[in-house]
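Input: a single structure, listed below in structure tokens.
The values are calculated or read from the model by the stated rules, or taken from the named source; none is laboratory data. These figures come from a predicted structure and were not determined experimentally. Glycine gets a Cβ as well: all are built from the backbone with ideal geometry, and neighbour counts include every protein chain shown. Calculation scope for accessible area: heavy atoms of the full protein, side chains included, ligands and nucleic acids excluded. Shrake-Rupley method; radii C 1.70, N 1.55, O 1.52, S 1.80 Å.
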Amino acid sequence: MDIVVKGRKTEVPERFRKHVAEKLKLEKIQRLDAKVISLDVEVSKEPNPRQADRCDRVEITLRSRGPVIRAEAAASDPYAALDLAAEKLDARLRKQHDKRFSRRGARRISAAEVPDHVPGAATLNGSGLPVHEEETDGVPTKKIGSLEVKGEGPLVVREKTHVASPMTLDQALYEMELVGHDFYLFVDSETKEPSVVYRRHAYDYGVIHLSTDPMVAEAQAQPPAAGGTLGG
């Protein structure tokens, strides 16, 4: 397995690539997770001068046969950001390693076992209407990713697609901690509907469940009315 280092809207010097290989020891990572498939490091730069102390961001993504582990950090230079992100990755790897061995053989469903996609989520506007059904009113629209943007921004779109699998609420909370985010989108294994867990104050968590409106589903399922013939 190799470490893939890439820049997003920035060049990555060879010196930094060598530093990544020295900082992220593959032997150490594979001791904590022997089923690692890929390790990606993405470097990006914030052009806003007001954020000079956090202008360089490094995101490390580790994919294995278990849950994806992600760690990211920002600092005044990419080397400091890499050090911070590497520390977070190591802590999350150890947490996953300890939990895996403490469960004494209890099996968890991996994200690769039951692929399940939630299509169409990015095609709705803020009012819940499909983007292509909005009235343009003469205002020009442009295509950004899978979205049609009406008028001029400002709008920054970063679109990602992940393979999902049904999981319990407890598992979703666990995986949210592994990626280090304040929210986590998942498919509930009981309802088979999309849900979101999110971090509240202190150690509290919240959960939002989405369910299909039965009236809308019934209307969409009905076949269109057949046209009649007018007799003269």
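Of everything in the stretch 155-212, what is assigned to a strand (DSSP E or B) and modelled with pLDDT under 80? Give them in sequence order.
Just the residues of the stretch 155-212 that are assigned to a strand (DSSP E or B), to begin with: 164, 166-167, 183-188, 194-199, 205-209.
Result: ALA164, single match.
Only residues that are touching a Lys or Arg at 6+ places or on another chain (Cβ under 8 Å) and under 17 Å from VAL5 (Cα atoms) were counted in the stretch 55-69, giving 7. Of the residues ALA71, ALA81, which single one is farther than 18 Å from PRO13 by Cβ and open to solvent by less than 20 Å² (accessible area, probe 1.4 Å)? Within the list ALA71, ALA81, the selection yields ALA71.
Which strands (runs of 3 or more DSSP E) sit wholly inside the stretch 8-100 and have at least 2 residues that are free of Cβ contacts under 8 Å to residues at least 60 places away in the same chain and among the β-branched types (Val, Ile, Thr)? Break it down into steps so the answer makes sense when it comes.
Details: elements: 36-45, 56-64, 69-75.
Because the criterion is at least 2 residues that are free of Cβ contacts under 8 Å to residues at least 60 places away in the same chain and among the β-branched types (Val, Ile, Thr), the strands (runs of 3 or more DSSP E) in the stretch 8-100 that meet it are 36-45, 56-64.
Looking across the stretch 159-215 at every residue that is loosely packed, with under 11 Cβ neighbours inside 10 Å and among the aliphatic types (A, V, I, L, M), the one that is nearest to PRO67 (Cα to Cα) is identified as ALA202.
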